[in-house]
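Here the structure comes first, spelled out in structure tokens, and everything after it is commentary.
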Amino acid sequence: MAPDLESRVRGTIVQSLRLKKGPEEIEGDAPLFGGSLGLDSIDALELVLAVEREYGVRIQDDAVGREALASVRALVAFLGPRIGKDETPPA
Amino acid sequence: MRPPPPDPVARAGALPHRPPFRFVDEVLEVSPGERIEAARVFRPEEEFFRGHFPGEPIVPGVLLVECMAQAAGLAEEDPGGARLARIDGARFLAPVRPGDRVVVTMRRAASFGPAVRYEGECRVEGRVVAEGAVTLRTGSGEAGRG
């Protein structure tokens, strides 16, 4: 996976959730929510909106979101093939 | 849009909030889970006007935010289970004075799991006096933050 996308995703997470740690301090495979970062479902919605705003990729439902937002690497894997593709049907 | 409920005042009572901290008097229109229009009259005798401000009573902006949050809660299927979890982009554009009737409109903008965001505005006589977004935590999932 392109390392520049991963660092961009780390930046999105840190900025949109106002984390008090550096982008590189988040473990790539650690759970983003319900883990040591102390993030909850309110933060998850925030990240869903940030992803849509910054990458133009929509997370259609909770099931997709749970998988896509599982970790930094899961989000990179989710976004990689979708960025720049207008595959999301209108709401 | 569902027709107005038979008793708009009773519909507002679905919230757990009670005076002096109830900021929706009546539900004018509701499409559950999507949109709501509700109203609150700020009566001249309300206690906070004495201090905010002496000689120039205006409704505190935070109470308009509460009005938006309570209206959003009433738009949910289970108003009693919704708790305010986050406020974004609140702006206060014009003063609300004693006797003003505020009409608040909130629209569901996004949701994920138990988190639901509503966006909307408060109007007095058609003029927007406040706007903002509130995120509610619905259901009996996680405990609130505070």
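The values are calculated or read from the model by the stated rules, or taken from the named source; none is laboratory data. Here the structure is a predicted model, which means the values were calculated and not measured. Cβ: placed from backbone, ideal geometry, glycine included. Neighbour counts: every protein chain shown.
Exactly one condition in (1) within 13 Å of another protein chain (Cβ to nearest Cβ); (2) free of Cβ contacts under 8 Å to residues at least 24 places away in the same chain; (3) of a type in the set (F, W, Y) is not met by A:F78; state its number. If we test A:F78 against (1) within 13 Å of another protein chain (Cβ to nearest Cβ); (2) free of Cβ contacts under 8 Å to residues at least 24 places away in the same chain; (3) of a type in the set (F, W, Y), just (1) comes out false.
Starting from residues that are within 20 Å of A:E54 (Cα to Cα) and part of a loop (DSSP other than H, G, I, E, B), keep the ones in the stretch A:15-27 and report whichever is farthest from the chain's Cα centre (by Cα).
That would be A:G22.
Scanning the stretch A:33-63 for residues that are within 10 Å of chain B (Cβ to nearest Cβ), over 22 Å from A:K21 (Cα atoms) and in a helix (DSSP H, G or I) yields A:E52, A:D62. For the stretch B:14-29, the set of residues classified as over 17 Å from B:L136 (Cα atoms), surrounded by 14 or more Cβ atoms within 10 Å (Cβ to Cβ) and in contact with an Asp or Glu (Cβ under 9 Å, 6 or more places away or on another chain) consists of B:E26, B:V27, B:L28, B:E29, listed by residue number. Evaluated against (1) buried (at least 19 other Cβ atoms within 10 Å of the Cβ); (2) under 24 Å from B:A14 (Cβ atoms), B:F49 falls short on exactly one condition, (2). Quick one: which of A:R58, A:R82, A:R73 is more than 21 Å from B:R86 (Cα to Cα), basic (K, R) and in contact with a Ser or Thr (Cβ under 7 Å, 6 or more places away or on another chain)? Just a single option satisfies the conditions, and that option is A:R58. B:T105 fulfils the conditions (1) more than 13 Å from chain A (Cβ to nearest Cβ); (2) out of contact with any Asp or Glu (no Cβ under 9 Å at 6 or more places or on another chain); (3) in a strand (DSSP E or B) except for a single criterion, (2). Of the residues making up the stretch B:108-130, those that are within 14 Å of another protein chain (Cβ to nearest Cβ) and over 12 Å from the mean Cα position of the chain (by Cα) are B:R108, B:A109, B:A110, B:S111, B:F112, B:G113, B:P114, B:A115, B:V116, B:R117.
Assess whether A:E67 counts as being in a helix (DSSP H, G or I), more than 19 Å from A:Q15 (Cα to Cα) and not hydroxyl-bearing (S, T, Y).
Working: in a helix (DSSP H, G or I): yes; more than 19 Å from A:Q15 (Cα to Cα): yes; not hydroxyl-bearing (S, T, Y): yes.
Taking the combined requirement at face value, the residue satisfies it.
The combined condition, being touching a helix residue (DSSP H, G or I) at 6+ places or on another chain (Cβ under 6 Å) and in a loop (DSSP other than H, G, I, E, B), is not fulfilled by B:P95.
Take the stretch B:30-82 and flag every residue that is in a strand (DSSP E or B), over 19 Å from B:G132 (Cβ atoms) and not hydroxyl-bearing (S, T, Y).
First, the residues of the stretch B:30-82 that are in a strand (DSSP E or B): B:30-31, B:35-41.
With over 19 Å from B:G132 (Cβ atoms) added as a condition, the list becomes B:30-31, B:41.
Listed by number, the residues that qualify are B:V30, B:V41.
Against the conditions (1) modelled with pLDDT under 95; (2) away from every other protein chain (no Cβ under 14 Å), A:I13 satisfies every one except (1).
Each row is one residue, and each column tells you yes or no for (1) within 30 Å of A:D62 (Cα to Cα); (2) surrounded by 18 or more Cβ atoms within 10 Å (Cβ to Cβ); (3) out of contact with any Gly (no Cβ under 8 Å at 6 or more places or on another chain).
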| position | (1), (2), (3) |
| --- | --- |
| B:E45 | no, no, yes |
| B:P57 | no, yes, yes |
| B:L63 | no, yes, yes |
| B:A71 | yes, yes, no |
| B:F92 | no, yes, no |
| B:V116 | yes, yes, yes |
